[in-house]
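S.K.: Here you go, one structure.
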Amino acid sequence: MRKKTLLRLFLACVVLGAVVAVFLLACFKGNAVRGEYELYVGSRSGYAAVEDSLMPHLKYRAAFRLYARRLDLEHTFKPGHYVLRPGMNVVEVARMLKLGLQTPVRISVNNVRTSAQLARKLARQIDADSASMMRALTSKELAAEVGFDSLTLFSMFIPDTYEVWWTITPEDFVRRMKREYDRFWTGERDARRARSGLSRLGVMTLASIVYEETRKTDEMPRIAGVYVNRLRRGIPLQADPTIKYAMQDFGLRRILYRHLKYPSPYNTYINKGLPPSPICMPGKNAIDAVLNFEEHDYLYFCARPTFDGYHNFARTLREHNANARAYSAELNRRKIR
């Protein structure tokens, strides 16, 4: 009788052990993620904040905490952008944080006019504040390292969407953009550039003016051709967008005579040639428009009074003045001051 009791007790322990083993196996090796979730762990994040963000998206939280304690995760987790996916177990999630197994983020570099705007845009997309980003974008030493100066460094950024680590430093981001710049300037693009007689900086600067003049891709090569003609003849570009940039007044709706005298190296009404650096980050369509500028004999253009985004082109000042009067009259009619 005693042997039967012991046998039953032994079998019960075996069954209980098996149940516990299956349970623990499920806790540690089973699917622990409720649904796909992007976890951002900043370089200044504390472990308590990481846990607060992570736990609502995990099953088997006790198992995770137990394994995390074994890994000393509280003191060894790595900052980064992590993607939790269904099917991952607590071991994989904990090791991901321990080893810094990040997933890259896609960031957009476009549609900015100044380094300060670029710094703010990037600070919203990577783990860096705008102040540290701005220091990198204006650093003389870093600019020299990548072959620019702190004024022309802005011309190095090619607008596009890039994959980077979320924790990339501002300095390494600038170095990465230099590699993208070198990739962009292929032998074929440089060959097309030679047709205009412009340097790479010149192409980017002229493209920025073209981009600010129009968003109509089909018209960009013609506008680029006007400016190339004026550069070749030594005629000031007289580009209105450079006035807005010089004054740092991008909301200016109408350029008046008094604005044309604003003292600045970016004012192309009082200075011949191109401004010292781009007045915005041009789109690739504008860069290609400069590389493929249209050959013609136009020297002037003016926005159409129809306000359709296109321009009237002229070969003579007399033609241009007639176009300008028509546009000015429409501005007055619409009470645009």
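S.K.: Please report, ordered by residue number, the helices (runs of 4 or more DSSP H) entirely within segment 152-214 with at least 2 residues that are more than 13 Å from the chain's Cα centre (by Cα) and more than 25 Å from residue 104 (Cβ to Cβ).
M.R.: On the way: elements: 170-184, 187-196, 200-213.
Because the criterion is at least 2 residues that are more than 13 Å from the chain's Cα centre (by Cα) and more than 25 Å from residue 104 (Cβ to Cβ), the helices (runs of 4 or more DSSP H) in segment 152-214 that meet it are 187-196, 200-213.
S.K.: Another one. Among the residues of segment 276-284, is any β-branched (Val, Ile, Thr) and either in a helix (DSSP H, G or I) or farther than 21 Å from residue 216 by Cβ (or both)?
M.R.: First pass over segment 276-284, keeping only residues β-branched (Val, Ile, Thr): 279.
Filter once more, keeping what is either in a helix (DSSP H, G or I) or farther than 21 Å from residue 216 by Cβ (or both): none.
The answer is no; no qualifying residue exists.
S.K.: For segment 290-337, which positions are assigned to a helix (DSSP H, G or I) and among the polar types (S, T, N, Q)? Outline the logic, then answer.
M.R.: As a first pass, look at segment 290-337 and keep what is assigned to a helix (DSSP H, G or I): 290-291, 317-333.
Matches in segment 290-337: 321, 323, 328, 332.
S.K.: Can you name the residue in segment 102-132 that is hydrophobic (A, V, I, L, M, F, W, C) and without any contact (Cβ under 8 Å) to a residue 40 or more places away in the chain and, of all such residues, is surrounded by the fewest Cβ atoms within 10 Å (Cβ to Cβ)? Working first, answer last.
M.R.: Filtering segment 102-132 for residues hydrophobic (A, V, I, L, M, F, W, C) gives 105, 107, 109, 112, 116, 118-119, 122-123, 126, 128, 131.
From what's left, without any contact (Cβ under 8 Å) to a residue 40 or more places away in the chain: 116, 119, 123, 131.
On the way: 116: 14, 119: 22, 123: 17, 131: 10.
Residue satisfying both the conditions and the ranking: 131.
S.K.: Identify all residues within segment 33-58 that are charged (D, E, K, R) and within 28 Å of the chain's Cα centre (by Cα); write none if there are none.
M.R.: Filtering segment 33-58 for residues charged (D, E, K, R) gives 34, 36, 38, 44, 51-52.
Across segment 33-58, the qualifying residues are 36, 38, 44.
S.K.: Name every residue in segment 194-210 that is modelled with pLDDT of 95 or more and either crowded, with 16+ Cβ neighbours inside 10 Å or of a type outside the set (Gly, Ala, Ser) (or both), in order of residue number.
M.R.: So in segment 194-210, the residues modelled with pLDDT of 95 or more come out as 198-210.
Hits for segment 194-210 are 198, 200, 201, 202, 203, 204, 205, 206, 207, 208, 209, 210.
S.K.: Would you be able to tell me the number of residues in segment 285-314 that are surrounded by 15 or more Cβ atoms within 10 Å (Cβ to Cβ) and among the charged types (D, E, K, R)?
M.R.: Of the residues in segment 285-314, 3 are surrounded by 15 or more Cβ atoms within 10 Å (Cβ to Cβ) and among the charged types (D, E, K, R).
S.K.: Right, next: Condition first: among the polar types (S, T, N, Q) and part of a loop (DSSP other than H, G, I, E, B). Now tell me which residues in segment 241-270 satisfy that. If you could, list the steps in order and put the result at the bottom.
M.R.: As a first pass, look at segment 241-270 and keep what is among the polar types (S, T, N, Q): 242, 248, 264, 267-268.
248, 264, 267, 268 - these are the residues of segment 241-270 that are among the polar types (S, T, N, Q) and part of a loop (DSSP other than H, G, I, E, B).
S.K.: Report whether or not residue 87 is out of contact with any Phe, Trp or Tyr (no Cβ under 8 Å at 6 or more places or on another chain), surrounded by fewer than 16 Cβ atoms within 10 Å (Cβ to Cβ) and assigned by TED's automatic domain parsing to the domain that holds residue 51.
M.R.: Working: out of contact with any Phe, Trp or Tyr (no Cβ under 8 Å at 6 or more places or on another chain): yes; surrounded by fewer than 16 Cβ atoms within 10 Å (Cβ to Cβ): yes; assigned by TED's automatic domain parsing to the domain that holds residue 51: yes.
Answer is yes for this residue.
S.K.: A further question follows. Among the numbered criteria (1) surrounded by 16 or more Cβ atoms within 10 Å (Cβ to Cβ); (2) of a type in the set (Asp, Glu); (3) in contact with a Ser or Thr (Cβ under 9 Å, 6 or more places away or on another chain), which one does residue 213 miss?
M.R.: Exception for residue 213: condition (3).
The values are calculated or read from the model by the stated rules, or taken from the named source; none is laboratory data. From a predicted model like this one, the values you see are computed outputs, not experimental measurements. Virtual Cβ from ideal backbone geometry, glycine too; neighbours counted across all protein chains shown.
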